[in-house]
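Here's the structure we're looking at; comments come further down.
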Amino acid sequence: MNNRLFKIFLLILFTSPSLLFAQEEKKDSPWEVDGYIKNLQSASIINFPNLITGGVDKIILSSNLIHNRLNFTRTIGEKVVFHSSLRNRFLYGDLESPQRMKEQFEQGNDYFDLSLESSQDSWAAQTIIDRLYLDIYLGDWEMSIGRQRINWGISTFWNSNDIFNAYNFTDFDYEERPGSDAILIRKYIGFTSSIEFAIAATDDIKKLKAGLLYKFNLKNYDYQILAGLSENYLALGGGWSGAIKQVGFKGEFNTFSPLGTTGDPANSLSIEFDYINKKALYFGLGFLYNSLGEADTNILNLLDFDISARNLYPFKTTFFFSMNQSFNPIISGGLSFLYSPGEAHATFVSPNLNVSIAQNWDLAFFGQIVLDKQEKYTSPVQGFFLRLKLSF
């Protein structure tokens, strides 16, 4: 049995808070260190139709994920900042396939392999450097080199402009989101405008990701225009963010045209409205059109979906509604509801509740319930998650 990764994980897990305490004792340290330790307990209820009895067989699976993150920042002179983040995960319990979990962990890498994975019969583990880059500031110019998050999206749920590192919103435990091994150059033009160029590392021209993004403000609206290459597709799109009176209004669109003889063209459009009332109750309402989506695909595809900027969701059209409320300074909660019209009437419901139980300690509950309609509405899968988080 290979215990090397497990020992590395335990060493990082139990020594990481001491890094913060050491930094606090030495206030003049050039390093800034922060991070968290999370414990996520999950239970999944899977319902299988029994073709013999005509009933439903139920299976309950449980697992536990220990998730640790360390962020390191160092300022070098007046114009350079170094960033690095180490992400560690240890998953154990009722795993469908430890080898499959190991392969999913490996997907966190981009061009360079900066991770170490291991798995056994009932557990899988990973240590990965998911941020490693330099920020260089030269007047109106900025440059970022290395594994970084290139955030070109505007919308809350779906970002067709995010051609470098699209993410799945169902992965609520990874708030930092994926990164890319890339170079980003930004030039500020005046007070509200900028132009950005980014290119990701690759050794295959058909997998090249590169783009040019122009941002500007006009009549109290922020706009952006995008042109780029996304894995042998020409991407042309843009987005906007503003308000109609007191209601926020934003969205983005993109069209992907294949450069070779294979591949299907794709079009994506997302529109969102949001509003916060006087009692800090947030409402969000939106729509997604995804030309590569299907009208009547199985709702379970959502749980094992290979997301990309060209194909953000399994369904062709989807409406969403979300709300969040801070009940008092220590308790907040919310609900997300997604519905895709079609024969299956695919629906995804996700409630959440967060409690600040002490300074730097948070307890949160999340639910993920999928429903579809055959002869009647049924829920083939329900997932429930309880997370304890210590931030430092």
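The values are calculated or read from the model by the stated rules, or taken from the named source; none is laboratory data. If you're wondering where the values come from, they're calculated on a predicted model, not measured in any experiment. Reconstructed Cβ throughout: ideal geometry from the backbone, glycine too, with neighbour counts over all protein chains shown.
Among residues of region 114-132 that are farther than 27 Å from Val80 by Cα, those with a Cβ under 9 angstrom from a residue that is assigned to a strand (DSSP E or B) and acidic (Asp, Glu), sequence gap 6+ or separate chain, pair up as Ala124/Glu117; Ala125/Glu117; Gln126/Glu117. Of all residues in region 223-262, those being in contact (Cβ under 8 Å) with a residue 40 or more places away in the chain, closer than 30 Å to Tyr282 by Cβ and hydrophobic (A, V, I, L, M, F, W, C) number 3. Between Ile205, Ile150, Ile199, Ile183, the distinction of being buried (at least 20 other Cβ atoms within 10 Å of the Cβ), β-branched (Val, Ile, Thr) and under 28 Å from Ile128 (Cα atoms) belongs to Ile150 only. Residues of region 353-389 that are modelled with pLDDT of 95 or more, closer than 24 Å to Ile60 by Cβ and in contact with an Asp or Glu (Cβ under 9 Å, 6 or more places away or on another chain): Phe366, Phe385, Arg387, Leu388.
Scanning region 159-191 for residues that are touching a residue at least 60 places away in the same chain (Cβ under 8 Å), closer than 22 Å to Pro314 by Cβ and of a type in the set (D, E, K, R) yields Asp162, Asp173.
Scoring Ser350 on the criteria (1) modelled with pLDDT under 95; (2) touching a Leu at 6+ places or on another chain (Cβ under 9 Å); (3) under 21 Å from Leu312 (Cα atoms) leaves a single failure, condition (1). Remark: pairs (first residue in region 357-382, closer than 16 Å to Asn301 by Cβ; second residue of a type in the set (S, T, N, Q); Cβ separation under 6 Å; 6+ apart in sequence or on different chains) = Gln368/Ser350; Ile369/Ser379; Ile369/Gln382; Leu371/Thr347; Leu371/Ser379; Pro380/Asn47.
Tell me, yes or no, whether region 304-313 has at least one residue that is closer than 30 Å to Asn232 by Cα and without any contact (Cβ under 8 Å) to a residue 40 or more places away in the chain. Please lay out each step first, then the result.
Residues of region 304-313 closer than 30 Å to Asn232 by Cα: 304-313.
In the following step, the residues that additionally are without any contact (Cβ under 8 Å) to a residue 40 or more places away in the chain were identified as 304, 306.
For region 304-313, residues closer than 30 Å to Asn232 by Cα and without any contact (Cβ under 8 Å) to a residue 40 or more places away in the chain: present.
Against the definition (farther than 22 Å from Tyr137 by Cβ and hydrophobic (A, V, I, L, M, F, W, C)), how does Phe169 come out, yes or no? Let's see the steps before the verdict.
Numbers: farther than 22 Å from Tyr137 by Cβ: yes; hydrophobic (A, V, I, L, M, F, W, C): yes.
It is true that Phe169 is farther than 22 Å from Tyr137 by Cβ and hydrophobic (A, V, I, L, M, F, W, C).
Name the residue, out of Thr156, Thr73, that is touching a His at 6+ places or on another chain (Cβ under 6 Å), under 30 Å from Ser194 (Cβ atoms) and in contact (Cβ under 8 Å) with a residue 40 or more places away in the chain. None of the others qualify; the one that does is Thr73. Looking at Asp140, Asp121, Asp130, Asp171, just one residue is in contact with a Phe, Trp or Tyr (Cβ under 8 Å, 6 or more places away or on another chain) and charged (D, E, K, R), and that residue is Asp140. Checked against the criterion of being modelled with pLDDT under 95 and touching a Lys or Arg at 6+ places or on another chain (Cβ under 6 Å), the candidates Ile195, Ile154 yield just one match: Ile154.
Looking at region 238-262, which of its residues are under 13 Å from Leu292 (Cα atoms), out of contact with any Ser or Thr (no Cβ under 6 Å at 6 or more places or on another chain) and surrounded by 15 or more Cβ atoms within 10 Å (Cβ to Cβ)? If you could, list the steps in order and put the result at the bottom.
At the first step, the residues of region 238-262 found to be under 13 Å from Leu292 (Cα atoms) are 254-257.
Going one step further and asking which of them are out of contact with any Ser or Thr (no Cβ under 6 Å at 6 or more places or on another chain), we end up with 255-257.
Correct list: Thr255, Phe256.
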